[in-house]
Structures are given as C-alpha cells and as structure tokens.
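The values are calculated or read from the model by the stated rules, or taken from the named source; none is laboratory data. Note that the coordinates shown come from a computational prediction; the quantities given were computed from them, not determined experimentally. Cβ coordinates were reconstructed from backbone atoms using ideal geometry, including for glycine residues, and neighbour counts include every protein chain displayed.
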Amino acid sequence: MSTWANLGLQDSASPLMEQLIFFHDHALLILVMITVLVGYLMFMLFFNSYINRFLLHGQLIEMIWTILPAIILLFIALPSLRLLYLLDEINEPSMTLKSIGHQWYWSYEYSDFNNIEFDSYMISTNELSTDGFRLLDVDNRVILPMNSQIRILVTAADVIHSWTIPALGVKVDGTPGRLNQTNFFINRPGLFYGQCSEMCGANHSFMPIVIESVPVNYFNKWISMMMNS
Ligand code: CUA
C-alpha cells in the first residue's frame with residue numbers, strides 16, 4: 001500500500017503492474033525530454049534579436065518538426081498498445097473470483113469452491129485496532145493464492161463501482177447487468193489494498209478492498225476450512 005510521502009506508484013506485486021511501471025517511466029522520460037527542449041527554446045527566444053529580411057519560408061525545417069514529433073509519438077503509442085493487449089490476455093486461470101460492488105461494500109464469490117460467498121465491509125474508525133489502517137482495512141479479506149493466474153469477474157448490484165488494486169495493476173468497472181473479466185498473477189505474499197474508483201455515492205470512499213496473498217498450500221487449507229464450515 002501507499003504510505004507517507006510516496007508520490008510515485010506503489011511497488012508492483014504482479015508482472016503486469018511491473019510492465020505498467022516500466023511504461024510510465026518510459027513515457028515520463030520522453031515527456032521530460034520534450035519539456036526541457038521546448039522550455040529551452042522558449043527561454044532562448046527572449047534573447048533572440050536576429051532579423052532576416054529575406055526569410056519567407058523554410059520547408060526543410062517544417063518537414064523535420066512535423067515528422068519528428070510523429071515518430072516520437074510512435075515510441076509511446078506502440079508500447080502502450082502492447083500493454084493494452086497484454087492486460088486483456090487471459091492465461092488459463094487456475095481459479096475464478098467474483099466480486100460484486102454494492103452501495104457501499106464489496107461482496108465476493110469463490111465460484112470454483114462450492115460458491116463460497118461473503119461480504120467485505122470497511123472497519124469503521126471507532127472499531128479500528130491500533131495496527132489497523134484507517135479507511136482501508138476490512139472485516140473479511142479476500143484470500144488468494146500467490147503464483148497462480150487468477151481470473152476476476154466484476155459486477156455490481158446497484159450503481160457502477162470499480163474494483164481497483166494499484167499494486168496489482170487491476171482496475172475494472174463493476175456495472176449492473178454486466179460481467180467484466182480480467183486476470184492477474186500475484187508474485188509475492190502480502191496484503192494489497194485497493195479502493196473503489198467510480199463515483200458511486202455518499203460512501204464511495206468507504207468501500208476498500210484488501211487482498212491477502214498467501215502460498216497455495218495455505219490457500220488450500222483456508223478454502224477447505226471455508227467449504228467445511
Ligand atoms: Cu463503489 Cu465508488
């Protein structure tokens with residue numbers, strides 16, 4: 001999760017988020033180069049007092065400053081397109097999680113495991129333990145196995161919500177009457193926090209998501225316990 005003075009992206013917990021960070025850095029680098037060049041040129045204009053009585057056209061320089069930005073844009077567009085298609089790829093998921101947005105909490109279904117279902121509410125500030133995260137911790141976490149492809153199906157029961165986990169690079173809208181699909185692969189254990197990111201009403205800020213990523217044998221233990229209870 002994001003903590004104090006973290007203005008950048010969170011550490012990635014999935015290969016796709018890693019790629020998103022690489023793309024962000026790549027695009028930012030190009031942006032900085034353009035800004036510095038244009039800034040320098042504009043600054044130097046203040047000191048330019050040259051006058052050329054015969055300069056009426058410059059077709060070569062116009063060709064250059066038209067084609068060059070187009071080529072630079074390709075260097076952003078092509079990696080962006082690659083990422084876009086990579087994010088949509090489904091790689092034989094080993095399990096499916098269904099998350100349903102409600103005003104204002106998430107509920108989950110483990111469709112492959114006896115359809116275990118539960119609600120996940122934010123823990124309110126007055127009930128929060130001293131080591132809890134305010135407005136971010138929930139009563140029932142989503143337990144998921146690490147190092148496995150997981151498919152998520154997102155939908156909503158009332159208005160549009162959005163299931164968003166920055167560290168995993170996941171952001172899917174939950175729309176009433178639709179099922180949106182995406183997938184991810186968590187490559188380390190830990191807690192990954194997320195929030196709803198569609199303006200879904202008065203308590204929009206208070207429907208966080210907590211994913212607890214555990215080794216597969218731990219997950220098996222938990223899921224069999226859930227199925228037998
Ligand atoms: Cu649900 Cu915002």
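Overview of results
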quantity	calculated
Pick from the range 147-165, criterion within 15 Å of the ligand (Cβ to nearest atom) and not in a strand (DSSP E or B), ranking: surrounded by the most Cβ atoms within 10 Å (Cβ to Cβ)	V159
Candidates L86, L97 - the one that is more than 16 Å from the ligand (Cβ to nearest atom), in contact (Cβ under 8 Å) with a residue 40 or more places away in the chain and surrounded by 16 or more Cβ atoms within 10 Å (Cβ to Cβ)	L97
Qualifying positions in the range 115-159 - more than 21 Å from T182 (Cα to Cα) and among the hydrophobic types (A, V, I, L, M, F, W, C)	M122, I123, L128, F133, L135, L136, V138
Yes/no for I30 being within 30 Å of F184 (Cβ to Cβ), modelled with pLDDT of 95 or more, assigned to a helix (DSSP H, G or I) and under 29 Å from the mean Cα position of the chain (by Cα)	yes
Exclusive hit being surrounded by 10 or more Cβ atoms within 10 Å (Cβ to Cβ) and either among the hydrophobic types (A, V, I, L, M, F, W, C) or outside the structural domain of S148 (by the TED database) (or both), set L37, L60, L56, L7	L37
Inter-residue pairs, beta-carbon under 8 Å, first in the same structural domain as F184 (by the TED database) and of a type in the set (A, V, I, L, M) and in the range 198-214, second part of a loop (DSSP other than H, G, I, E, B) and within 15 Å of the ligand (Cβ to nearest atom), 6+ apart	A202/W104; M207/W104; M207/C200; V210/L136
Search result, residues across the range 196-217 that are more than 16 Å from the ligand (Cβ to nearest atom) and touching a strand residue (DSSP E or B) at 6+ places or on another chain (Cβ under 8 Å)	I211, E212, S213, V214, P215, V216
